[in-house]
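Taking it in order: structure first as structure tokens, then the write-up.
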Amino acid sequence: MKTCLIVDDSRVIRKVARRILEDLRFQVEEAGDGLEALTACRKSMPDGILLDWNMPLMNGIEFLRALRKERGGDTPIVVFCTTENDVEHISEAIKAGANEYIMKPFDGDILQSKFVEAGLISYEAA
Amino acid sequence: MATAMADADFAFVAREVKARSGLVLTADKSYLLETRLAPIARKESLASVAELAAAARLRRDERLIWQMTDALTTNETHFFRDRKPFALLRDRIIPELQQARPAGRLRIWSAATSTGQEAFSLAMLLDDLRAGGRGVDAEIVATDLSERVLEKARAGLYTQFEVQRGLPVRTLIRHFEKVGEFWRIADRIRAMVRFQRFNLLDDLAPLGVFDVVVCRNVLSYFAPETRRQVLERIAAQMTDDGVLLLGATESTVGVSDAFVPEGGYYRRTLVREQTASAA
Ligand SMILES: C[S@@+](CC[C@H](N)C(=O)[O-])C[C@H]1O[C@@H](n2cnc3c(N)ncnc32)[C@H](O)[C@@H]1O
């Protein structure tokens, strides 16, 4: 079973994403900000990370840059999931090492389609 | 109060729509008629879909009948739909066809293109090949029965929702620009596609001959006999080594001998071979 860490400061979003990802057979962990997420990753690197941008303490892009410097931090597939929806933010995310990018609002179809693009789900399984 | 459509009116609508588009409306589709035709009834200040159908029948109103036909077609589509056909085109079909005609230009037809996602996916694919140093000289003709969907295709404007289905984000930022809440396909990509209204039931000869025909998710709405006729007329508009791509749930097998399946796509059956073996 693949693991996915959901990083978002909104409990509601985490709950919605968890339901979708569990349906897609992921084992899900949650974190409420970048710092919590970094702690979780140091304990065990997930296969995928669904990552919000704007969060207290450590935001998504700061987390991603820190993650990619960690040992083993290059392995998780990172999919941003944020209301930031302009070209500048998307380019910055890709440059920092994001694999895919979801612009909120999202639904199950979009999440699944993006996880396929990112290689977290095989196309046949989708 | 909305009254149910009389059988005679339903039969009339079904017959006229089929004659114009090939679309088969069976009696169990009456819910579809209700939801799709209600906006037209309102616009025409008619009290119900039943009245609309009756009016179209009694007046033999060509304009109304076309509007109904347009409203009853399904336009669902998205970028790089099903992925696999596009991967096949990129990795196998286009390189092979190109090799077979080193100096020639490929003609590609998106035969029921809807709102443009399919045609632009083809154009982006060619543009990416070009950027990767494998330039392809190609022309993309994209047609649909509906002027309404073509209008959207020509505008090349898509919602955030539409660009997140099937499009990898790198492809999005390479080939689109953000305009307000919408995403617009780059001029470079748009210029590669020629949109044109065209009915698959009409004589296809004016379109010319194609190397690749992408006819996806439209034949399944037709009656078997219509499918066969359209497939045979498409075959007549293809080069000898031409390739046909159908929707994921569609096939030529058991419908027409004009094509042979070749692992994910269809190749024209050579007429010369048929006549040679007959001789
Ligand atoms: C479901 S969409 C398929 C779009 C795209 N090919 C895809 O696979 O995503 C079907 C399209 O076929 C068009 N169509 C239906 N009957 C047609 C006909 N007789 N001639 C041309 N187009 C037709 C409809 O207008 C609609 O846009």
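When the strands (runs of 3 or more DSSP E) confined to region B:166-277 are screened for residues that are within 13 Å of the ligand (Cβ to nearest atom) and in contact with a strand residue (DSSP E or B) (Cβ under 7 Å, 6 or more places away or on another chain), those reaching at least 2 such residues are found at B:193-197, B:210-215, B:238-246.
Screening A:Y101 on (1) surrounded by 22 or more Cβ atoms within 10 Å (Cβ to Cβ); (2) out of contact with any strand residue (DSSP E or B) (no Cβ under 9 Å at 6 or more places or on another chain) shows it passes everything except condition (2).
Suppose we keep only residues that are free of Cβ contacts under 8 Å to residues at least 24 places away in the same chain and closer than 30 Å to B:R268 by Cβ within region B:181-202. Which one would you say is nearest to the other protein chains (Cβ to nearest Cβ)? The selected residue is B:A191.
Of note, B:R154 does not satisfy the criterion of being assigned to a helix (DSSP H, G or I) and modelled with pLDDT under 95. When the residues of region B:1-17 are filtered to those that are loosely packed, with under 15 Cβ neighbours inside 10 Å and farther than 12 Å from B:L52 by Cα, the one that is modelled with the highest pLDDT is B:R15. The set of residues in region B:81-97 being outside any loop (DSSP other than H, G, I, E, B) and within 12 Å of the ligand (Cβ to nearest atom) consists of B:P85, B:F86.
Assessment of region B:30-47 against the conditions (within 14 Å of the ligand (Cβ to nearest atom) and away from every other protein chain (no Cβ under 14 Å)) yields at least one matching residue. Of all positions in region B:161-180, none carries a residue that is farther than 20 Å from B:F86 by Cα, acidic (D, E), more than 14 Å from every other protein chain (Cβ to nearest Cβ) and out of contact with any Leu (no Cβ under 7 Å at 6 or more places or on another chain).
Kindly indicate whether any position in region B:113-129 is in contact (Cβ under 8 Å) with a residue 60 or more places away in the chain, on the phi > 0 side of the Ramachandran plot and either part of a strand (DSSP E or B) or not basic (K, R) (or both). Scanning region B:113-129, I find at least one residue that is in contact (Cβ under 8 Å) with a residue 60 or more places away in the chain, on the phi > 0 side of the Ramachandran plot and either part of a strand (DSSP E or B) or not basic (K, R) (or both), so the answer is yes. For region B:101-120, check the following and say yes or no: at least one residue is modelled with pLDDT under 95 and farther than 20 Å from B:Q237 by Cβ. Yes; the residues of region B:101-120 include at least one that is modelled with pLDDT under 95 and farther than 20 Å from B:Q237 by Cβ. Of all residues in region A:54-65, one or more are over 12 Å from the mean Cα position of the chain (by Cα), surrounded by 22 or more Cβ atoms within 10 Å (Cβ to Cβ) and over 23 Å from A:S113 (Cβ atoms). Surrounded by fewer than 20 Cβ atoms within 10 Å (Cβ to Cβ) and away from the ligand (no atom under 15 Å from the Cβ) - does that describe any residue in region B:149-156? Within region B:149-156 (the criterion being surrounded by fewer than 20 Cβ atoms within 10 Å (Cβ to Cβ) and away from the ligand (no atom under 15 Å from the Cβ)), the answer is yes, since at least one residue qualifies. Identification of strands (runs of 3 or more DSSP E) wholly contained in region A:15-126 with 2 or more residues that are more than 16 Å from B:L167 (Cα to Cα) yields A:26-31, A:48-51, A:77-82. Only residues in region B:78-98 that are within 12 Å of chain A (Cβ to nearest Cβ) and under 14 Å from B:A248 (Cα atoms) count as the first member; pair them with residues that are of a type in the set (G, A, S) and surrounded by fewer than 18 Cβ atoms within 10 Å (Cβ to Cβ), Cβ under 6 angstrom, at least 6 apart or cross-chain, and list the lot. Partner pairs satisfying both residue conditions: B:D82/B:A248. Residues in region B:122-129: is at least one surrounded by fewer than 20 Cβ atoms within 10 Å (Cβ to Cβ), more than 9 Å from the ligand (Cβ to nearest atom), under 16 Å from the mean Cα position of the chain (by Cα) and modelled with pLDDT of 95 or more? No, every residue in region B:122-129 fails to be surrounded by fewer than 20 Cβ atoms within 10 Å (Cβ to Cβ), more than 9 Å from the ligand (Cβ to nearest atom), under 16 Å from the mean Cα position of the chain (by Cα) and modelled with pLDDT of 95 or more. Against the conditions (1) more than 14 Å from every other protein chain (Cβ to nearest Cβ); (2) part of a loop (DSSP other than H, G, I, E, B), B:I140 satisfies every one except (2). Yes or no: region A:116-124 includes at least one residue that is of a type in the set (G, A, S), facing another protein chain (nearest Cβ under 9 Å) and either over 25 Å from A:T39 (Cα atoms) or in contact with a helix residue (DSSP H, G or I) (Cβ under 6 Å, 6 or more places away or on another chain) (or both). Within region A:116-124 (the criterion being of a type in the set (G, A, S), facing another protein chain (nearest Cβ under 9 Å) and either over 25 Å from A:T39 (Cα atoms) or in contact with a helix residue (DSSP H, G or I) (Cβ under 6 Å, 6 or more places away or on another chain) (or both)), the answer is no, since none of the residues qualifies. Of the residues making up region B:83-126, those that are of a type in the set (D, E, K, R) and either in contact with a Leu (Cβ under 8 Å, 6 or more places away or on another chain) or more than 21 Å from B:F222 (Cα to Cα) (or both) are B:R83, B:K84, B:R90, B:D91, B:R92, B:E96, B:R101, B:R105, B:R107.
Matching residues to (1) assigned to a helix (DSSP H, G or I); (2) away from the ligand (no atom under 16 Å from the Cβ):
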{"site": "B:A50", "(1), (2)": "yes, yes"}
{"site": "B:A53", "(1), (2)": "yes, yes"}
{"site": "B:R57", "(1), (2)": "yes, yes"}
{"site": "B:L64", "(1), (2)": "yes, yes"}
{"site": "B:Q67", "(1), (2)": "yes, no"}
{"site": "B:N75", "(1), (2)": "no, no"}
{"site": "B:F79", "(1), (2)": "no, no"}
{"site": "B:Q99", "(1), (2)": "yes, yes"}
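Screening B:R42, B:R57 for residues that are charged (D, E, K, R) and in contact with a Phe, Trp or Tyr (Cβ under 6 Å, 6 or more places away or on another chain) leaves exactly one candidate, B:R57.
The values are calculated or read from the model by the stated rules, or taken from the named source; none is laboratory data. These numbers come from a predicted model, not from an experiment. Counting neighbours? That spans all protein chains shown, and the Cβs are built from the backbone with ideal geometry, glycine included.
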